[in-house]
Amino acid sequence: MILNENVDRKIIPVAGGKGGVGKSVIAVNLALSMSMYGKKTVLVDLDLGGSNLHTLLGLRNINPGIGNFVSGRNYSVNELVCPTDWENLYFIPGDVLVYGIGELTKSVKARIVKGLMDIDADYIIVDLGGGTNFTVVDFFLISNSGLIVTTPQTIAVMNAYSFLKNYVFRFLQRAFTSDKEITTYLKKVLKERRPGERKTVTDMIVDITEINPAAGEKAEAFLEVLQPKLILNKINGIEDVSLAEGLRDLCSQNLSINLECLGTVIHDEMVNRSINSQRPFILDNEEDIATEEIHRISQKIIQSSNFPEMPLELDYYADSFELAHIEMENDLASLQGIDETPESEGYDIDKLLELIRIQQSRIQELQSTLKVLSMNG
C-alpha cells in the first residue's frame, strides 16, 4: 500500500459500493479539474468488465488498454498512457478491446499495481468497478486514501458501508498473512453468519489483543493508516449530508476508521446531458454549482501536499462533515439566488432541532438496515 502523504505522485482510487452513483463521472471530471490546475494527471479505467471512461471523455475506442496488459505481456502500463484533448490530462483505457477478462489472479493484480506506481504523474486517478469483490477492494487498497462515492439514498449509503467494511477486513487479512494464529482467527470471524454474532472491527481488535498484545497494537496502528474520503453525489439538500454523518459514525464505531467528507456534488440535470454528449460537464458549465463543487474537491486535494491529511480550519467548524454542511448551505443559497446567508452559528433553534431530528432518524434507519443485512448476510 502506498501512503500518499509520504509521496509526490499520489494514486487515488475511486470506488462506489454499487453502480449508478456517478463514480465514473466524478472520476473523469475530477481528473480534468486537476489537469486544469496544471497538475499532470493520468486517468485509469480499471472498471474491468464495464469500462466506459473513453465515452465520458468523448474518445474513440482505438487504443490498447488494461485488457491488453492483462491478456499478455506485450505492453507495459506506461505504454498504455495516451494523451487526451486537454493539456496535462492523460488516459489509460480499460478492457473494452479485450473480451473475457474475469477475476484477476494475485500476480496479475500485482503487475498492474507495480505498473501504476511507475507512471510519471502528479496524480493518478483510478476508476474502479462497482461492487465489493476482492479485485475492486484490492485495487482500492493500492493507496491509503481512496475515494468512495455514494448518493444520499439509504441503499447506496449502505452499499458504501458494506464496501468499506470489506475494505477494512481485507486490509487486516493482508496485514497478518504471516501470522498463522491471527489469520485463523480472522477466517473464523468472517465465516460467522448467525444474526447478532457479527463482530465489529473494534471487537476484533480486542480479541486480537487477547491472542497477542503485540498483534493488537499492530492492528490498531495499521487501521490508523487508512484514510478513505467520502464524496456525496447527487445531493438535493442539507438533510442528505446528515445521512452521510451517520455513515461516518458507523465507520468510527464499527470499523475503527476515520472517514472524512471530501465534498458534495449537487443533483443537476446538466450532468446527464453531458453524459449523453460524451463531454465532461465542467467544460461547458463553468458557472454551474456542480462544476464549482468539482473544482473545490480538486483544490482540497491539490492544496494538501500531505493528502490525505486535510488542511481543516477547525476554529470555524468541527470536522469535514460540518464543513460540507456549510458548503452545501452556500451552494443552495447561490442556486436560489440568495446573496446573504446566515453564519453557521446563526441557525435558529427550530432549524437546528430539525437538523438533529433528521440526522438521528437517518442514523436509526441506517442501523436498522444494517441489522437486516446482517441477518440476511
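No value in this document is a laboratory result; all are computed from the given coordinates. Values in this document were obtained by computation on a predicted structure and should not be read as measured data. Reconstructed Cβ throughout: ideal geometry from the backbone, glycine too, with neighbour counts over all protein chains shown.
For the chain, hydrophobic long helices are taken as DSSP H runs at least 24 Å long by C-alpha position along their axis with mean Kyte-Doolittle hydropathy of -1.0 or more; these are 154-175, 349-376. As a quick test, which of the pairs K18/K191; K165/K187; K23/K114; K23/K165; K23/K180; K109/K165 have an alpha carbon distance above 26 angstrom in this structure? Table pairs above 26 Å Cα-Cα are K23/K180. Overall shape: prolate for region 162-273, with the ratio a/c of the largest to smallest alpha carbon gyration tensor axis at 1.5 or above and a/b above b/c. Which residues make up the longest stretch of the chain that has no trypsin sites (Lys or Arg not before Pro) in a DSSP loop with at most 12 other Cβ atoms within 10 Å? In the chain, the maximal stretch lacking such sites is 194-377.
Over all pairs of different C-alpha atoms in region 1-121, the reciprocal of the mean inverse distance, the Kirkwood hydrodynamic radius, equals 14.9 Å.
For the chain, the ratio of Cα radius of gyration to the globular rule of thumb 2.2 N^0.38 Å stands at 0.99. Pick out, in residue order, every one of the GluC sites (Glu not before Pro) in region 1-90 that is DSSP loop and has at most 16 other C-beta atoms within 10 Å; say none if there are none. Counting only loop positions with at most 16 other Cβ atoms within 10 Å, the GluC sites (Glu not before Pro) in region 1-90 are E87. Restricting region 93-199 to chymotrypsin sites (Phe, Trp or Tyr not before Pro) that sit in a DSSP loop and have at most 11 other Cβ atoms within 10 Å of their own Cβ leaves Y99. The Stokes-Einstein estimate for region 59-110, based on a Kirkwood radius over Cα pairs and taken at 37 °C with 0.692 mPa s viscosity, is a diffusion coefficient of 276 µm²/s. The spread of Cα positions in region 67-203, taken along each principal axis and listed from longest to shortest, comes to 53, 39, 31 Å. Where only DSSP H runs of four or more residues are counted, the chain gives -15500 deg cm²/dmol as its mean residue ellipticity at 222 nm, each run worth -39500 (n - 2.57).
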